[in-house]
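Trainee: My questions will all concern the structure given below.
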């Protein structure tokens with residue numbers, strides 16, 4: 001049987017619905033990403049879809065096309081009941097490749113839910129993903145550095161302890177991302 005392709009000319013809303021079809025989700029994902037900012041609102045709406053695959057893939061779309069108006073929806077996805085959605089939302093917030101300027105989430109908006117996930121989420125994968133988000137503020141926010149140090153020493157998962165130690169003060173990622181001192185003029 002040949003690969004089932006999506007029809008040309010589908011709307012962004014139709015492509016979001018196709019994200020739940022395992023045979024068409026990859027094509028729908030890349031077509032949505034190719035739409036750029038025009039895919040943001042339908043993807044944002046898809047974060048509340050009943051199908052887990054649609055919610056996960058909408059996080060992936062927003063990782064690439066997120067604008068300032070989408071941040072609140074992605075932050076809201078951190079409370080999704082499914083760990084795969086929470087992890088993908090964390091990745092969308094942590095990934096630097098596609099975000100700069102106004103799309104960069106603020107510590108006030110992101111750090112409290114990320115700290116909650118780092119310290120209390122039942123999924124080790126989600127806690128490990130939270131290390132990246134919390135680690136983005138380890139140089140500037142004491143609570144971020146302290147939470148990473150606690151997780152590096154006490155998390156039940158060896159993988160989370162290791163990742164937290166990378167982002168905690170003294171760790172290799174912490175040292176590599178240290179802000180450069182300002183040169184006097």
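Bear in mind that the values in this text are calculations on the coordinates, not laboratory data. The shown structure was predicted, so the numbers you read here are calculated from the model rather than taken from an experiment. Cβ: placed from backbone, ideal geometry, glycine included. Neighbour counts: every protein chain shown.
Trainee: Anyone know which of 94, 130, 109 comes out most mobile in the 10 Å Cα GNM of the chain?
Mentor: 109
Trainee: Moving on to the next point. Angle between the Cα long axis of helix 124-135 and the longest principal axis of the chain, 0 to 90 degrees, nearest 10?
Mentor: Result, in degrees: 60.
Trainee: While we're looking at this one, here's another question. With r as the distance between the Cβ atoms of residue 162 and residue 23 and R0 = 30 Å, compute the FRET efficiency 1/(1 + (r/R0)^6) and round to 0.05.
Mentor: The value I calculate is 0.20.
Trainee: When the chain is treated as a GNM, springs tying every alpha-carbon pair under 10 Å, which of 127, 53, 175 comes out with the largest mean-square fluctuation?
Mentor: Checking each option, the largest mean-square fluctuation is seen for 175.
Trainee: Which length gain, in nm to one decimal place, applies between residue 108 and residue 142 when the Cα-Cα distance is subtracted from 0.36 nm times their residue separation?
Mentor: Length difference between fully extended and current span is 10.9 nm.
Trainee: In percent, what relative contact order does the chain have, based on Cα pairs under 8 Å that are 6 or more apart in sequence?
Mentor: 12 percent
Trainee: Report the residues of the range 71-97 in range of a label on residue 52: point 7 Å along Cα→C-beta, backbone N strictly under 14 Å from it.
Mentor: 80-88
Trainee: Hey, in the GNM for the chain with a 10 angstrom Cα cutoff, which one of 81, 113, 105 fluctuates hardest?
Mentor: For the chain, modelled as a Gaussian network with Cα springs under 10 Å, the answer is 81.
Trainee: OK, next. Among (i) 56, 47, 28; (ii) 54, 35, 29; (iii) 86, 35, 24, which is the computed Cα extents along the principal axes in Å?
Mentor: Label (i) holds the value from this structure.
Trainee: Quick check: residue separation of residue 125 and residue 45 times 0.36 nm, minus the Cα distance between them. What number comes out in nm?
Mentor: 26.3 nm
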